[in-house]
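**Q** Please read through the structure below; I'll follow up with questions.
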Amino acid sequence: MEPFTVHKGTTVSLMEDNINTDQLLPSRYLSRIEKTGYGEFLFDNWRYDIDFKTGEKTPKPDFPLNKPDRQGASILITGDNFAGGSSREHAVWALDDYGFRVVIAGGISDIFYMNSLKNGLLALTLPQKDRDRLAKLKGDEELTVDLVEQQVRLGDEVFPFHIAEEWRHKLLHGIDDITETMEHEEAITAYEKKWNQFYGINE
């Protein structure tokens with residue numbers, strides 16, 4: 001997992017409350033076996049007019065992610081109760097694959113929050129007034145998200161946020177579940193060797 005320390009990027013705002021995981025990534029795309037390639041389907045039903053007979057999709061010009069000045073945005077500003085619904089990790093993969101490194105919401109589903117952290121996507125919460133301020137940013141205005149100092153910065157304006165120290169440490173150092181498991185490689189190897197000897201399995 002790529003470490004997250006300080007990220008600078010432009011923003012796109014979607015100030016809707018109660019956005020669920022099916023709206024983030026419709027269930028018809030869950031049969032894919034890869035963890036990549038989901039970005040093109042993010043907000044699929046909202047981003048496009050879809051002809052379900054032909055599969056042809058036409059971008060909706062008024063949808064925030066489709067606006068020319070928001071291309072390349074890596075920070076999503078959104079509403080309360082973000083990513084409720086089913087516990088699909090694919091929703092995180094879609095946000096990450098699209099290019100988002102940070103999601104700033106008023107509240108975040110517990111399961112989505114854990115899935116985000118485990119995949120290196122920083123999901124954080126800020127009060128309504130702070131998000132209203134950030135939602136007004138122009139497409140070329142950069143925002144700094146500093147996990148070291150636990151601050152979102154816009155010029156001289158500072159918006160503090162909190163994250164549990166355990167997860168802050170893991171994100172800063174790029175520690176995912178696999179990395180954490182491999183820290184015990186010697187103990188795992190010794191156990192496997194003992195197991196194989198007990199059952200007479202040749203290595």
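**Q** Which of the residues belonging to segment 128-169 are under 21 Å from Pro64 (Cβ atoms) and either part of a loop (DSSP other than H, G, I, E, B) or among the small types (Gly, Ala, Ser) (or both)?
**A** Selection gives Ala135, Lys136, Leu137, Lys138, Gly139, Asp140, Glu141, Glu142.
**Q** Among the listed residues Lys53, Lys8, Lys35, identify the single one that is assigned to a strand (DSSP E or B), more than 11 Å from the chain's Cα centre (by Cα) and surrounded by fewer than 16 Cβ atoms within 10 Å (Cβ to Cβ). Talk me through it step by step, then tell me what you get.
**A** Numbers: Lys53 fails: assigned to a strand (DSSP E or B); Lys35 fails: assigned to a strand (DSSP E or B).
Lys8 is the lone residue from the list that is assigned to a strand (DSSP E or B), more than 11 Å from the chain's Cα centre (by Cα) and surrounded by fewer than 16 Cβ atoms within 10 Å (Cβ to Cβ).
**Q** Filter segment 102-127 down to the residues that are open to solvent by less than 40 Å² (accessible area, probe 1.4 Å) and part of a loop (DSSP other than H, G, I, E, B) and list them by number. Talk me through it step by step, then tell me what you get.
**A** Step one: filter segment 102-127 for residues open to solvent by less than 40 Å² (accessible area, probe 1.4 Å), giving 102-109, 112, 115-117, 119-124, 126.
Gly106, Gly107, Ser109, Asn119, Gly120, Leu121, Leu126 - these are the residues of segment 102-127 that are open to solvent by less than 40 Å² (accessible area, probe 1.4 Å) and part of a loop (DSSP other than H, G, I, E, B).
**Q** Restricting segment 38-50 to residues that are touching a residue at least 40 places away in the same chain (Cβ under 8 Å) and surrounded by 18 or more Cβ atoms within 10 Å (Cβ to Cβ), which is farthest from the chain's Cα centre (by Cα)?
**A** Per the stated criteria, the residue is Phe41.
**Q** Moving on to the next point. Answer yes or no as to whether Asp62 is without any contact (Cβ under 8 Å) to a residue 24 or more places away in the chain and farther than 25 Å from Asp140 by Cα. Even if it seems obvious, please write down each step before you answer.
**A** Details: without any contact (Cβ under 8 Å) to a residue 24 or more places away in the chain: yes; farther than 25 Å from Asp140 by Cα: no.
In short, no.
**Q** Also, quick follow-up: Within the set of pairs 6+ apart or on separate chains, which have a first residue in segment 20-34 that is under 20 Å from Tyr113 (Cβ atoms) and of a type in the set (D, E, K, R), a second that is open to solvent by 50 Å² or more (accessible area, probe 1.4 Å) and modelled with pLDDT under 95, and C-beta atoms under 7 Å apart?
**A** Within 7 Å, the pairs are Asp22/Gly85; Asp22/Ser86.
**Q** Yes or no: Arg88 crowded, with 16+ Cβ neighbours inside 10 Å, closer than 20 Å to Asp44 by Cβ and modelled with pLDDT under 95? Step through it out loud before you land on a result.
**A** Working: crowded, with 16+ Cβ neighbours inside 10 Å: yes; closer than 20 Å to Asp44 by Cβ: yes; modelled with pLDDT under 95: yes.
Yes.
**Q** While we're on this one: Here are some conditions: (1) over 18 Å from Leu154 (Cβ atoms); (2) out of contact with any Leu (no Cβ under 9 Å at 6 or more places or on another chain). Gly39 meets all but one. Which one does it not meet?
**A** Result: Gly39 passes all but (2).
**Q** Here is a follow-up. For segment 61-83, state whether one or more residues are among the basic types (Lys, Arg), in a strand (DSSP E or B) and open to solvent by 50 Å² or more (accessible area, probe 1.4 Å). Step through it out loud before you land on a result.
**A** Kept after step one, since they are among the basic types (Lys, Arg), are these residues of segment 61-83: 67, 70.
Remaining after also requiring in a strand (DSSP E or B): none.
No, that holds for no residue.
The values are calculated or read from the model by the stated rules, or taken from the named source; none is laboratory data. Predicted, not measured: the structure shown is a model, and the values here were computed from it. FYI the Cβ positions are ideal-geometry reconstructions off the backbone, even for glycines, and counts take in every protein chain you see. Areas reflect the complete protein model, heavy atoms only, side chains present, ligands, DNA and RNA absent. Shrake-Rupley method; radii C 1.70, N 1.55, O 1.52, S 1.80 Å.
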